[in-house]
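What follows is one structure encoded as structure tokens, with my remarks underneath.
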Amino acid sequence: MLDQLARQIEALLAAAEEPLSLDRICELTGCGTESAEQAVERIERELGSGGHGIIVARLAGGYRIVTDPELGSVVAQLFEGKRRSRLSRAALESLAVVAYRQPVTRAQIEAVRGVNSDSAVRTLLERDLIRITGREEVPGRPLLYGTTDSFLEYFGLSDLGHLPRMDEIESLLSLSAEDLDRAASEAAESGDPFDSED
Amino acid sequence: MSAEEQRACRISLEDFQGPLDLLLYLIRRDELDVTTIHVAIVADQYLDYIRAASELDLDIAGEYLVMAATLARMKSRSLLPVERAAMEENEDPMESLMRHIVLYRAFKEVAQELRESESVWRDAFPVPGERERHQDLITPPDPGQTSLLDLLMAVEDMTGRNAPPPVHRIQRPLISLTQCVQALERILPPGRTVLFRETLGTSPETARIVSFFSAVLELMRRGWLDTRQKYPMGDIEMKRTERWIKNA
């Protein structure tokens with residue numbers, strides 16, 4: 001059985017349309033951070049004990065009640081025909097580059113992948129998985145892209161620190177940042193003059 | 001390459017995410033070590049693959065051909081004796097390519113991990129259900145946000161006249177260089193001087209101007225056309241040369 005605070009928080013999570021941060025939970029319930037955190041843990045334990053069809057997921061810097069992924073095949077029937085398709089390989093690869101190298105320009109994504117990534121970037125923008133974060137102050141002022149909260153939710157991540165750890169990538173990134181920038185600027189120079197990002 | 005290999009090619013080239021992906025596949029297939037691999041081997045494998053693909057009349061994306069050219073150049077260089085000093089000065093292009101492949105491979109692996117997360121979390125449905133379902137409910141318009149236009153559009157919606165008018169686009173056929181030369185031949189009688197502007201007709205399209213201008217340049221290059229421009233931005237006087245008159 002949950003105590004009053006935990007029940008309140010559970011109700012909030014069930015009604016909210018987006019992940020609720022700990023700060024927001026405290027604001028709405030009037031409790032302190034620590035007691036909110038503990039209450040959430042009690043809900044997690046209660047729901048996660050196996051006796052429920054829903055779980056508390058830590059997504060995009062907050063908490064959200066979702067149906068247990070294990071029951072996906074049953075629940076998915078409710079949304080037959082309405083579900084968004086899986087991402088293409090091109091989109092996933094581009095997204096991986098954005099996630100680890102953000103903010104990043106399209107030319108830099110293309111430098112890593114070695115192929116035009118225009119439509120992949122557009123798909124990711126349309127699906128709200130990446131957003132424009134600004135412009136790089138270099139000639140042409142290309143747009144910079146970064147990931148969104150929807151990105152974190154889509155992949156079940158609570159924050160960017162929870163991306164798959166890849167030591168290899170860490171060392172490679174520092175190693176080849178220069179190479180890639182050079183490749184990107186070369187690509188930009190030889191790029192299609194009609195292919196403008198604006 | 002055997003027929004079987006060609007078939008394999010047909011199946012897979014479309015599956016690759018560009019030349020790096022293909023290179024990665026070839027390296028993996030032949031269990032080569034990216035750190036010690038010799039450029040000639042990679043280049044041969046890659047070029048074989050592209051050649052087979054082109055024999056099958058596949059539409060090969062430019063990126064694949066650029067990589068083919070790069071590899072061919074790297075291979076030919078690697079076969080030449082190189083002075084040690086020059087070698088040390090310039091970074092080995094193969095090394096830089098392999099580093100790029102390793103980097104690409106790392107991102108590809110991450111993409112694969114993301115794919116797995118996608119599979120899991122796609123099956124976690126948020127509570128409350130999809131937002132779209134709430135939007136299905138009729139929400140009254142905000143009074144301050146409704147304009148006369150909105151009302152008119154609502155009426156049109158109801159009377160079913162809101163269907164977008166059909167748009168017909170007629171693409172004019174592009175004029176080929178040969179067609180331009182033929183046209184110029186008709187327009188330019190031997191021995192007469194004609195202005196470039198006169199060849200275009202009234203209110204010509206940009207495509208036509210450009211095509212004709214390219215044709216004029218081509219004819220000049222061949223020595224078939226004498227041109228003169230009295231002042232900058234002025235009209236161009238054109239006259240057929242003896243060579244064109246003879247060749248015509």
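Values quoted throughout were computed directly from the atomic coordinates according to the rules given, and no laboratory measurement underlies them. Please read all numbers here as calculations on a predicted model, not as lab measurements. In this analysis, Cβ positions are derived from the backbone assuming ideal geometry, glycine residues included, and neighbour counts consider all displayed protein chains.
Some observations on this one:
- Stretching the chain fully between B:Thr241 and B:Asp30 yields a gain of 69.8 nm (0.36 nm per residue, less the alpha carbon separation).
- Extension gain, A:Leu78 back to A:His162 (0.36 nm per residue minus Cα-Cα distance, nm): 27.2 nm
- The mean number of partner chain beta-carbon atoms within 10 angstrom of a residue's beta-carbon across peptide A:86-94 is 5.
- Here r is the Cβ-Cβ distance between B:Arg186 and A:Leu125 and R0 is 41 Å; the resulting FRET efficiency, rounded to 0.05, is 0.20.
- Amide hydrogen neighbours beyond the local backbone of A:Thr133, cut-off 5 Å, H modeled: A:Leu144, A:Tyr145, A:Gly146
- Shielding by partners for peptide A:105-115, expressed as the average number of C-beta atoms from other protein chains within 10 Å of each residue's C-beta, is 4.
- Per-pair calculated FRET efficiency, R0 = 51 Å: B:Leu200 and B:Leu151 via Cβ, rounded to 0.05: 0.55
- The mean count of C-beta atoms from other chains within 10 Å of the C-beta of residues in B:97-110, rounded to a whole number, is 6.
- Counting all C-alpha pairs of region A:21-152, share separated by more than 27 Å (%): 43
- Taking Cα centre as origin and charging only the Cβ of basic (Lys, Arg, +1) and acidic (Asp, Glu, -1) residues, the dipole magnitude of region B:196-243 rounds to 160 debye.
- Working ranking of peptides A:78-90, A:95-107, A:5-17 by packing, defined as the average number of other Cβ atoms within 10 Å per residue, highest first, is A:95-107, A:5-17, A:78-90.
- Applying the Karplus relation 6.51 cos²θ - 1.76 cosθ + 1.60 with θ = phi - 60° to region B:180-195 yields 3J(HN,Hα) values of 5, 4, 4, 5, 5, 4, 5, 6, 9, x, x, x, 9, 9, 10, 7 Hz, where x marks Gly and Pro.
- Near the amide H of B:Val127, within less than 5 Å, lie the amide hydrogens of A:Ile65, A:Val66, A:Thr67, all on another chain or at least 5 residues away, with H placed in the peptide plane.
- Mean separation of Cα pairs under 8 Å and 6 or more residues apart, divided by the residue count, gives region B:205-248 a relative contact order of 29 percent.
- Nitroxide proxy distance, nm - points 7 Å out along Cα→Cβ at B:His38 and B:Ala61: 3.2
- Near A:Leu59, the amide H atoms lying under 5 Å from its own belong to A:Arg64; only residues 5 or more places off or on other chains count, and H is placed 1.01 Å from N.
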